[in-house]
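Quick notes on the structure that follows.
The values are calculated or read from the model by the stated rules, or taken from the named source; none is laboratory data. These numbers were taken from a predicted model, which means no experiment stands behind them. When we count neighbours, we look across all protein chains shown, and the Cβ atoms used for this are built from the backbone with ideal geometry, even at glycine. Side chains are part of the model used for accessible areas, which takes the heavy atoms of the whole protein and leaves out ligands, DNA and RNA. Shrake-Rupley method; radii C 1.70, N 1.55, O 1.52, S 1.80 Å.
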Amino acid sequence: MKNQEHILIIGAGLCGSLLALRMAQRGYKVTLMEKRPDLREEIVDSGRSINLAFSDRGMKGLRLAGLEDKVLPLCIPMNGRMIHSADGQLFMSAYSGRNHEYINSISREDLNIMLLNECDKMPDITMHFNQKCTGVELETAKATFEDYKTQKETHYQADILMGADGVGSALRKSMLDHRKFLFSYGQDFLTHGYKELSFPASADGGFLVEKNALHIWPRGKDMMIALPNLDGSFTVTLFLSWDEGKDSFESLNSDAAILDYFEREFPDALALMPNLIQEFKENPTSPLGTIKCSPWHAYGKVLLLGDAAHGIVPFYGQGMNSAFEDIDVLDKALNKHEGDWKAVFKAYQDERKEDTDAIADLAVDNFHEMKAHTARPIFQEKRKLEIAFENEFPQEYFSKYSLVTFREDLRYSEAMRRGRVQDKAILNLIYDGKFSESMTLQEKLNLVKQETRKMLHDD
Ligand code: FAD
């Protein structure tokens, strides 16, 4: 029986802990290594976002491990984007015209703790914390770790090694340095970085702005968003240029400059941020980038998953979701090829790479859409029409956002292809004044379908 094999997983973050669980459920012996302390015992500053948008593809991965019921209590549904315009107007743009389709705000820490607790219940999973992987011997699946507290070096070897060690992956670095096979690697940074801030809860523990929405302040060049937390607070993220233009993280270098910027750009939010100056100065400013690499595997011994294989910018809210979907795709490859790891890894990458490249590109597109287009009348008209289509014809129409976020049965690459063309078609029709007042919604939908078909055919 092959499934008595031993799998060493690097990284007990979101992807690594779910992966460990699923591999143990399949009968493997798993060792899970994490560089940080156990976040159930010590406060761990991960340096990453505090809460995340969790949606259907992520749920698919959790469902595979039987965790749907465990994750639901951690979720706050967000039905749409609440757009805060520069003149103080609010505009709620639903994520879908189908009422059962929404995304959720979830705490990274709560989710990770739930996954680690589930791992604890599996006798075949052993976890080690404070163990930083410093290098991997690819041919033998042997890795070196340094104890974070004692600096003591240890080695672990397994039949198979899987790297779920995030954007700075030690396994990926070992593959890059190996130089015995062609390893392609690319990293693209945005000109913008991000900083996390907050709205506290109200005095009675309630929410100071609409709870069931992802709030956005689109300002053309910059953008701020806020996601709700279960305790009534919001995690606020400012996306701002590092050092270009009038306003940048570099230019906001004094209390006066920070206040002036928030008074000009986000006065309604400023009123909810009593700790702004302190948080702005103390919280780190972090970069945003896309990482693409190939191959994700070597020698039938090692495999990259999650951010380690495909780091994406957060503007589609799909990084964690795609990492969880990876596990579903790997599981299916195992169903077909279990017993032959080379075949499993190849089938997995063949199926998945095109899709993670697609979501990486869609996420960059959405950066521009969210900061600039969401506030434009033509975009709002398009969204209104799309919501009406989805509401009236739920089986017939899916916006690009719905295809990517709610159609977990559809590959990202297909969602991108169809969604992009459909977006172009509908915007062209609005721009050219093709939708007349006298047309029924069905006639408008027919026009969009006809235009989309034509463009897909020409594509
Ligand atoms: P990580 O979560 O980074 O976990 C990697 C783990 O490996 C960590 O525990 C780390 O400590 C450990 N590790 C790293 N190096 C080593 C080493 N050398 N040795 C041992 N252990 C190691 N995604 C969404 O789906 N929705 C969102 O709304 C969303 N918002 C985001 C907002 C921001 C600002 C950012 C930056 C990201 C966001 N993401 C979002 C993306 C999401 O955070 C990642 O895609 C997700 O965390 C990937 O999970 P992972 O387990 O692959 O990597």
| remark: Protection proxy (average C-beta count within 10 Å per residue), highest first, orders 123-130, 416-423, 335-342 as 416-423, 123-130, 335-342
| field | Size of charge dipole - the stretch 244-365 - debye, nearest 20, with Cβ of Lys, Arg +1 and Asp, Glu -1, no other charges | value | 660 debye
| query | What translational diffusion coefficient, in µm²/s and rounded to a whole number, does the Stokes-Einstein relation yield for the stretch 1-121 at 25 °C and a viscosity of 0.890 mPa s, taking the hydrodynamic radius as the Kirkwood radius over Cα pairs? | reply | 150 µm²/s
| query | Can you work out the FRET efficiency for the pair residue 255 and residue 443, with r the C-beta to C-beta distance and R0 = 51 Å, to the nearest 0.05? | reply | 0.35
| query | Using helices alone, what [θ] at 222 nm do you get for the chain, with -39,500 (n - 2.57) per DSSP H run of 4 or more residues, divided over all residues and rounded to the nearest 500? | reply | -12500 deg cm²/dmol
| query | If you place +1 on the Cβ of every Lys and Arg and -1 on the Cβ of every Asp and Glu, how big does the dipole about the Cα centre of the chain come out, in debye to the nearest 20? | reply | 1120 debye
| query | For the chain, which whole-number percentage of the solvent-accessible area (1.4 Å probe, protein heavy atoms only) is attributable to carbon and sulfur atoms? | reply | 49 percent
| query | How much length is gained on full extension from residue 178 to residue 204, taking 0.36 nm per residue of separation minus their Cα-Cα distance? | reply | 3.7 nm
| field | Helix 412-431 vs. the chain, principal-axis angle (Cα, 0 to 90°, nearest 10) | value | 10 degrees
| remark: Two pseudo-spin positions, 7 Å from Cα along C-beta at residue 350 and at residue 368, lie apart in nanometres by 3.5 nm
| Surface accessible to a 1.4 Å probe, per residue, for the residues of the stretch 276-414, Å² | 36 Å²
| query | Once label points are set 7 Å from the Cα along Cα→Cβ at both residue 148 and residue 384, what is their separation, rounded to one decimal in nm? | reply | 5.1 nm
| query | What angle, in degrees between 0 and 90 and rounded to the nearest 10, separates the Cα long axis of helix 255-265 from the longest principal axis of the Cα atoms of the chain? | reply | 50 degrees
| Which FRET efficiency, nearest 0.05, do residue 392 and residue 417 yield, Cβ-Cβ r, R0 30 Å? | 0.75
| Shape box of the stretch 279-334 [Cα atoms, principal axes, largest first, Å] | 47, 21, 16
| query | Under a plain spin-label model, where a point goes 7 Å from the Cα along Cα-to-Cβ, how far apart in nm are residue 40 and residue 117? | reply | 0.8 nm
| note | Helix 377-392 sits off the longest principal axis of the Cα atoms of the chain, rounded to the nearest 10 on a 0 to 90 degree scale, by 70 degrees
| Tell me, how many Å apart are the Cα centres for the stretch 84-160 and for the stretch 1-80? | 6 Å
| task | Would you mind calculating the gained length between residue 432 and residue 246 on full extension (0.36 nm times residue separation, minus the Cα-Cα distance), in nm to one decimal? | result | 63.4 nm
| Can you pull the percent of Cα pairs in the chain with separation above 29 Å? | 51 percent
| Dipole of the stretch 376-458 [Lys/Arg +1, Asp/Glu -1 at C-beta], most positive-end residue of 448, 422, 387 | 422
| field | Normalised convex hull volume, the stretch 82-150, alpha-carbon set, Å³ per residue | value | 268 Å³
| task | Would you please report the Å³ per residue occupied by the convex hull of the alpha carbon atoms in the stretch 190-287? | result | 99 Å³
| For the stretch 376-458, the Rg and Dmax computed from alpha carbons only, in angstrom | 12.3, 37
